[in-house]
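Since the structure comes first, as structure tokens, the remarks are kept for the end.
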Amino acid sequence: MFAQPEAYLVLSAAIFCIGVFGLLTRRNALLFLMSVELMLNAANINLVAFSFYWGNVTGQTFSLFTMALAAAEVAIGIGIILVLYRNFKDIDVTEATTMRW
Amino acid sequence: MSDDSNGGSRPRLKLGGHLVPGLAAVGLFAVLALVFLQSSFGEAQGFEQGASITASIGYAMFNIDPDAVSGAVVSGEGFVVAFVLIAIALDVAIDGAVFLAKRDDEEGGIGAVLTDGGREIRETLRGGDD
């Protein structure tokens, strides 16, 4: 059932690079949050895969903490996007070039 | 007869400098995949037969000694300190989200949270001379 570790690494690299691609090319702040989520989940794939590789549950336990941290990050991110929309009437990240408020 | 020579409505590929960030991400994937596929790994050890992974995660998360419980357990480190730290981080995050989401113009009004014990409302009602 366990593929070669290289397969998991390549899958994780693909998901991570999709996240980087989203961060570099998008302008919508909500898509930024989604991209960061993809990058964090790429790390989770590696943690779970190598947890099995070493026969130790430390990686799986740690991936749960990563998910909780991602939830905290999204909670703050949504709040920031809300304030961004209130102040600029838009969630385009290139619009918010001032910090007047 | 067609206006394709004038542009028409056909979608066209726009080449230019704006493609560089996207190509950088694709290039990063190419480099990572190249490195990963050239590396060599041994055979995976895998988990112990018949061991419950969910139970093992629970034991690892709360520093429970695997010898003290019955059944096969996959070993792991203790994570109870990290658990408490993450709990605090989530608490701070939800407070921060509420703080950010609250409207500024509600802050002095009755609708907002009374952080001064209601002193401001009392002063407004009594005229402030007390």
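The values are calculated or read from the model by the stated rules, or taken from the named source; none is laboratory data. Because the structure is predicted, anything quoted here is derived from the model rather than measured. In this analysis, Cβ positions are derived from the backbone assuming ideal geometry, glycine residues included, and neighbour counts consider all displayed protein chains. With ligands, DNA and RNA removed, areas are computed over all heavy atoms of the protein, side chains included. Shrake-Rupley method; radii C 1.70, N 1.55, O 1.52, S 1.80 Å.
Counting only Cβ charges, +1 for Lys and Arg and -1 for Asp and Glu, the dipole size of chain A around its Cα centre is about 260 debye. Taking every Cα-Cα distance in the range A:1-49 and sorting them into 10 Å bins starting at zero, the pair-distance distribution P(r) comes out as 30, 44, 20, 5, 0 percent. Think of each Lys and Arg Cβ as +1 and each Asp and Glu Cβ as -1; about the Cα centre, that makes the dipole of the protein assembly as shown roughly 860 debye. Ratio of Rg to Rh for the protein assembly as shown: 1.14 [Cα atoms; Kirkwood radius as inverse mean 1/r over pairs].
Applying the Karplus relation 6.51 cos²θ - 1.76 cosθ + 1.60 with θ = phi - 60° to the range A:71-83 yields 3J(HN,Hα) values of 5, 4, 5, 5, 4, 5, x, 5, x, 5, 5, 4, 5 Hz, where x marks Gly and Pro.
Buried between A and B is an accessible area of approximately 3400 Å², summed over both sides with a 1.4 Å probe.
Converting the Cα gyration tensor eigenvalues of chain A into ellipsoid dimensions via √(5λ) gives semi-axes, longest first, of 34, 15, 7 Å.
Calculated from the alpha-carbon coordinates, the range B:25-86 shows an Rg and a Dmax of 17.8, 51 Å respectively. Normalised by the number of residues in chain A, the mean separation of alpha-carbon contacts (under 8 Å, six or more apart) gives a relative contact order of 27 percent.
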